[in-house]
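In what follows, a structure is listed as structure tokens, so that the remarks can point back to it.
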Amino acid sequence: MTELTALDDLARRGFSDGFRVVDGNLRVLTTGKLLRPEDLVIREVYRFEGISDPDDMAIVYAIESTTGVRGTLIDAFGVYADPGMARVLAAVPIREHAGRTTTTVD
């Protein structure tokens, strides 16, 4: 599985919006609406580890809001990770869907 196939699969399953961290919240890219961390749940996490190139390391988060907005957020993994994004995501609980697990892909 690649980052692109994970994003395609998530989009097919309804995680079609994108998010961006703005001032401690997540902005929905399609509407501009700001969502607070306490109104979000992380449903799935995919970690991609670039064995030959550390620049290829990324994490894809499938996130759902209490209002039903579903989308993805991508962060670098390791030394290139965004500390602001990490602070926001630390406040978002992880409640994976039944049958889905956190996946590490090499």
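See the values below:
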read-out	value
Test result for MET85, free of Cβ contacts under 8 Å to residues at least 24 places away in the same chain and in contact with an Asp or Glu (Cβ under 7 Å, 6 or more places away or on another chain)	no
Residue satisfying condition, being of a type in the set (Val, Ile, Thr) and in contact (Cβ under 8 Å) with a residue 60 or more places away in the chain, within set THR72, THR5, THR30, THR67	THR72
Per-region count, region 20-45, residues touching a Phe, Trp or Tyr at 6+ places or on another chain (Cβ under 7 Å) and in a strand (DSSP E or B)	5
Residue that is surrounded by the fewest Cβ atoms within 10 Å (Cβ to Cβ) [pool: residues in region 22-39 that are in contact with an Asp or Glu (Cβ under 7 Å, 6 or more places away or on another chain) and of a type in the set (A, V, I, L, M)]	LEU29
Residue list for region 61-93, restricted to those being out of contact with any helix residue (DSSP H, G or I) (no Cβ under 9 Å at 6 or more places or on another chain) and on the phi > 0 side of the Ramachandran plot	GLY68
Qualifying position, being surrounded by 14 or more Cβ atoms within 10 Å (Cβ to Cβ), farther than 18 Å from ARG95 by Cα and not hydrophobic (A, V, I, L, M, F, W, C), among SER65, SER16	SER16
Lone unmet requirement of (1) surrounded by fewer than 14 Cβ atoms within 10 Å (Cβ to Cβ); (2) modelled with pLDDT under 90 for PHE77	(1)
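The values are calculated or read from the model by the stated rules, or taken from the named source; none is laboratory data. The structure presented is a predicted model; accordingly, all values stated were derived computationally and were not measured. Every residue, glycine as well, gets a Cβ built from its backbone with ideal geometry; the counts of neighbours run over all protein chains shown.
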